[in-house]
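Participant: Following this message is one structure expressed as structure tokens.
The values are calculated or read from the model by the stated rules, or taken from the named source; none is laboratory data. Because the structure is a prediction, the values reported are computed rather than measured. Heads up, the Cβs are rebuilt from the backbone with ideal geometry, glycines too, and the neighbour counts pull from every protein chain shown. When the accessible area is computed, the model is the full protein with side chains, heavy atoms only, and any ligands, DNA or RNA have been set aside. Shrake-Rupley method; radii C 1.70, N 1.55, O 1.52, S 1.80 Å.
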Amino acid sequence: MKNPDKLDHKHLPEHVVIIMDGNGRWAERKNLSRITGHREGIKAVSSIVGAGREVGLKYITLFAFSAQNWNRPKKEVLALMELLKQYLIEEGERLVEQDIKLNAIGRLYQLPEDVVETLESIIHKTKDCKTMTLTLALSYGSREEIVDTVKTLIKKGIDPEKIDEETISKHLYTSDIPDPDLLIRTSGEMRISNFLLWQLAYTEIYVTKTLWPNFRKRHLIKAIQNYQNRERRFGLTGKQIQKRD
Ligand code: IPE
Ligand code: IPE
Ligand code: MG
């Protein structure tokens, strides 16, 4: 079988980013605790990382914990940190086996020390992996990122006249990864929630009602198929774009 997943492999999005939303509602609908919802969400993470690699994506970025999520009830925050650590411990070896490089963006120093240590050790172990890069956005907020970037530029004493878009891009947390081609948000919410505001300038957006714990490879494929039927115009006319292709 040449094309079992019905995707056009010549036009895959290089970088897919996901706002993994709906763990709480998944649990509520089943009369379970929100924490059980998060635990179930981790299963979807493992599944989608493997699926993204199989499909041939080069970069996946997952919004796992926002700068604003610290304001949730203390018990939920603690459970999320514990689950994150467990995920990293359990998946670390598998990432190496799958040749997936782990990367993280956000104010990582705000995470508990043991989580940072585990994260850093897996980032180190996977540093030469080449098949795909998995970026976890942790304690991440895009406005916070922009504030940090402005501070870095000022501290470096960069001449304001020499600042252009590339200067900014090169000083964001995402300096090593390309801008996203496709953003997926699960659970039906139509908002960006402080995620990658600069980087999403020309990203295609796909929202599905599927709650994150239910999101699997077939849903990812459907999102990519939808992306492949779009015309990305970058401010040009349709005619100009068709000529370019
Ligand atoms: C996403 O699910 C996980 C995190 C934000 C950490 P939610 O916990 O936001 O689930 P809902 O939106 O309450 O259903
Ligand atoms: C966004 O989801 C953050 C993550 C998925 C980690 P939220 O559930 O926190 O976003 P809002 O509150 O619905 O905007
Ligand atoms: Mg939510």
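Participant: Can you find a residue that is of a type in the set (Gly, Ala, Ser) and within 16 Å of ligand 2 (Cβ to nearest atom) anywhere in the stretch 84-102?
Facilitator: no
Participant: Okay, moving on. Answer with yes or no whether residue 84 is assigned to a strand (DSSP E or B), farther than 29 Å from residue 228 by Cβ and open to solvent by less than 30 Å² (accessible area, probe 1.4 Å).
Facilitator: No, not satisfied.
Participant: Which residue, of 64, 79, 51, is aliphatic (A, V, I, L, M) and near ligand 1 (Cβ under 9 Å from one of its atoms)?
Facilitator: Just one listed residue meets the conditions, 64.
Participant: If residue 60 meets every condition in (1) surrounded by fewer than 18 Cβ atoms within 10 Å (Cβ to Cβ); (2) touching a Gly at 6+ places or on another chain (Cβ under 6 Å) apart from one, which number is that one?
Facilitator: Result: residue 60 fails condition (1) only.
Participant: Need pairs with beta-carbon distance below 6 Å; first residue on the phi > 0 side of the Ramachandran plot and within the stretch 180-192, second of a type outside the set (Gly, Ala, Ser) and within 10 Å of ligand 1 (Cβ to nearest atom); sequence gap 6+ or separate chains.
Facilitator: 187/21; 187/211
Participant: Let me ask something additional. Tell me the strands (runs of 3 or more DSSP E) entirely within the stretch 110-216 that contain at least 3 residues that are within 16 Å of ligand 1 (Cβ to nearest atom) and crowded, with 19+ Cβ neighbours inside 10 Å.
Facilitator: 132-140, 182-185
Participant: Turning to a different aspect of this structure: Collect the residues in the stretch 125-164 that are of a type in the set (Gly, Ala, Ser) and within 20 Å of the chain's Cα centre (by Cα), keeping them in residue-number order.
Facilitator: 137, 139, 141, 142
Participant: So, of the residues in the stretch 87-109 that are in a helix (DSSP H, G or I) and aliphatic (A, V, I, L, M), which turns out to be most open to solvent (accessible area, probe 1.4 Å)?
Facilitator: Filtering first and then ranking leaves 89.
Participant: Let me ask something else. Do we have residue 47 as open to solvent by 20 Å² or more (accessible area, probe 1.4 Å), within 20 Å of residue 215 (Cα to Cα) and within 16 Å of ligand 3 (Cβ to nearest atom) here?
Facilitator: Here the answer is no, as residue 47 does not meet what is asked.
Participant: So in the stretch 185-207, with the set limited to residues that are away from ligand 3 (no atom under 14 Å from the Cβ) and β-branched (Val, Ile, Thr), which one is nearest to residue 25 (Cα to Cα)?
Facilitator: The extreme case among them is 205.
Participant: Same structure again: Starting from the stretch 113-138, take each residue that is modelled with pLDDT of 95 or more and list its partners that are polar (S, T, N, Q), counting only C-beta distances under 6 angstrom and pairs at least six apart or across chains.
Facilitator: Cβ pairs passing all conditions: 133/103; 135/61; 135/103.
Participant: So, residue 37, is that one part of a helix (DSSP H, G or I), over 17 Å from the mean Cα position of the chain (by Cα) and buried (at least 21 other Cβ atoms within 10 Å of the Cβ) or not?
Facilitator: yes
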